[in-house]
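Report on the following structure.
Each reported figure results from applying straightforward, stated rules to the coordinates on display, with no laboratory input. Quick caveat, the model's predicted, so the values are computed rather than measured. All Cβ positions, even for glycine, are placed from backbone atoms using ideal geometry, and neighbour counts span all protein chains on display.
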Amino acid sequence: MTVGHLQSLHDMSEALASGKMAFEVPVKEHLERITAVSDKLNCRVEVEAETALERARTLDKKRAAGQLRGPLHGIPLVHKDMFHDAGRLSEYGRPAIAGHRADRTGTLMKRLNDAGEVTLGRLHMNEFAMGPTGHNAHIGRCRNPWNTDYVTGGSSSGSGAAVAAGLAAGALGSDTGGSVRLPAAMCDDPGLKPTQGLLPQDGMMGLSERLDCPGVLARSSRDVAVLFNTLAGNGEDYAVGIGKGVERLCFGIPESWYFDDLDPQVAAQLDRTRKDLESEGASFRDVASPDHTNFGEMANIVFTPEATALHADRMKAHPEHYGAQVFARLPQGLAISAVQYRQALQLRAAYAHAMMTLTFSECDMLFAPVLRRLVPTDATTDVQAGSDMRAVIAGLSDLTRPVSYLGFPALSVPAGFDDAGLPVALQLIGPPLSEKALLRAGDVAERDVGLLPTGTQETGVSHDR
């Protein structure tokens, strides 16, 4: 039986559990896909082919012995190069720490291992998870599967590209200011940033203690839910709403910030998605919210000193371990006073409360874009582009960082394509612990994202959804 590298995790799981397919089959097919396209994308840093095949054979024997571990038993996954699995390499997108092997397995990887997943390898990321584009001065840039002249988004660049290109059924990423949602949006994957603190952070590279948030990317909202069930480890079924539609769900349209100065092509795709949801029984209403103008800066005031403190000793002892952009960015945290930092944290709680009372009392979730602009090209985000590059990069996380600052969950959902054949995405933002509702809505929103525009295959490696 052939699975095809774009078969859903859910369908693959059912075929494996029923015995209709040997566990080596999906592993082999995804490894073949990696061999065929990953060099073109530069999205992986290590492939563990023999280890993965041996684990698949072992899992096959366990199934035969009646020891099926659940829906992830035998599912091929890949992960951002920052999650610790004892004895395996984890290098944080930085060759200067090449050879770093974790001495213990983090909780998330342990839960996946215990559930029977098969890790195929490690993925490209921005150096130390700092950057929204997928550029890495040391290992090269990760390329967009829809058109390799365009960026993938970051810092979970490899996760976005690998899932979209069919190299694995899903991937772990991290989201401190948009690093799951941006590559998900630019590569056409569903990507979930959960409620701050819902998933454990031990055993993953740290950057900002109060903003770091592990997340997950997969081929559909249903697949995200299946993975999230294992990652959360709390007995909840996050797929419970999948297939139930959106009737009686109310989507809020923010009256300010999120739709300001939106590219017409992004607006058109979101409008089409809104009409699709309305035709399925959803309602929409305009909702007020606290002024978001300074939320991104507040997030920066929290993030930069925490990142600077984390790297201070290493930067002093080994400045050569850092690329020029990261080395220039990290010391900015020294300019932020303790008073500013404490005020940003205090305001965070106040703004979150205001969102709950003013905004989410009027709707179940917000309906918003992930990006104001279209997916940018590599050329416009390269250092040689000068001041224009800085403006483009600064704008990429305008609509994701406020959510990280608040600590709320958000789901990036495919919403169609622009005229150049690059993805456009919807961001569903909910109150804390609303992941089930977000995934339920995402399942409906992503069903009609359209076919791949003509000509994209000439410059990319992805396929029609």
Which of the peptides 52-63, 283-294 is most tightly packed, and how do the rest follow, going by the mean number of other Cβ atoms within 10 Å of each residue? 52-63, 283-294
Within the chain, what percent of beta bridges assigned by DSSP are antiparallel, to the nearest 5? 65
Per residue and in Å³, how big is the convex hull formed by the alpha-carbon atoms of region 14-80? 86
For region 305-364, what is one quarter of the convex hull surface built on the Cα atoms, given in nm²? 6.0
Using mean Cβ contacts within 10 Å as the protection proxy, how do 337-344, 396-403 order, highest first? 396-403, 337-344
Can you give the Rg and Dmax of region 89-183 based on its C-alpha atoms, in angstrom? 13.3, 39
Under the 0.36 nm per residue contour assumption, what length would be gained going from the current alpha-carbon distance of residue 68 and residue 267 to full extension? 67.1 nm
In the neighborhood of residue 265, defined by Cβ-to-Cβ distances under 10 Å, what is the net charge if each Lys or Arg adds +1 and each Asp or Glu adds -1? -2
For region 358-408: span of alpha carbons on each principal axis (Å, largest first): 47, 19, 12
Taking θ as phi - 60°, what are the ³J(HN,Hα) couplings along region 242-259 by the Karplus curve (6.51, -1.76, 1.60), each to the nearest whole Hz, with x for Gly and Pro? 5, x, 8, x, 10, 4, 6, 7, 10, 9, x, 9, x, 6, 9, 6, 5, 9
Percent relative contact order of the chain, based on C-alpha pairs within less than 8 angstrom and at least six residues apart? 17
Set 28/62; 80/275; 80/436, cut-off 29 Å on Cα-Cα distance; pairs above it are 80/275
Write down the Kirkwood hydrodynamic radius of the chain, to one decimal in angstroms, obtained as one divided by the mean of 1/r over all alpha carbon pairs. 21.9
Placing each pseudo-label 7 Å from Cα in the direction of the beta carbon, residue 18 and residue 356 end up separated by a distance in nanometres of 4.5
Computed [θ] at 222 nm, helices only, for the chain once each DSSP H run of length n ≥ 4 contributes -39500 (n - 2.57): -11500 deg cm²/dmol
Sorted peptide list for 68-74, 269-275, 16-22, 144-150, criterion being average Cβ within 10 angstrom, highest first: 144-150, 68-74, 269-275, 16-22
Average projected area of the Cα convex hull of region 1-135, in nm²? 8.6
Rg(Cα) / (2.2 N^0.38 Å) computed for region 283-397, rounded to two decimals: 1.36
Can you work out ³J(HN,Hα) from phi for every residue in region 19-31, in order, using Karplus 6.51 cos²θ - 1.76 cosθ + 1.60 and θ = phi - 60°, giving whole Hz and x for Gly and Pro? x, 6, 9, 6, 5, 5, 4, x, 5, 4, 5, 6, 5
Residues in region 319-341 reached by a label modelled at residue 390 [backbone nitrogen below 17 Å; 7 Å Cα→Cβ]: 324-333, 335
Which FRET efficiency value, to the nearest 0.05, is calculated for residue 309 and residue 383 with the Förster distance at 35 angstrom and r the Cβ-Cβ distance? 0.85
Cross-link partners of residue 244 among aspartates and glutamates (Cα-Cα below 13 Å; sequence separation of 8 or more within a chain): 280, 443
For region 232-273, state the average projected area of the convex hull of the C-alpha atoms over all orientations, rounded to one decimal in nm². 5.2
Tell me, what ³J(HN,Hα) does each residue in region 296-311 have, in order and in whole Hz, if you take phi through Karplus 6.51 cos²θ - 1.76 cosθ + 1.60 with θ = phi - 60° and put x for Gly and Pro? x, 5, 4, 4, 5, 5, 7, 5, 5, x, 5, 5, 4, 4, 5, 9
Per the Kirkwood treatment, what hydrodynamic radius in Å, one decimal, follows for region 262-337 from the mean inverse distance over all distinct Cα pairs? 16.5
Taking Cα atoms only, Rg over Rh for region 130-262 with Rh from the Kirkwood formula is 0.99
Among beta bridges that DSSP assigns inside region 1-140, antiparallel share in %, nearest 5: 45
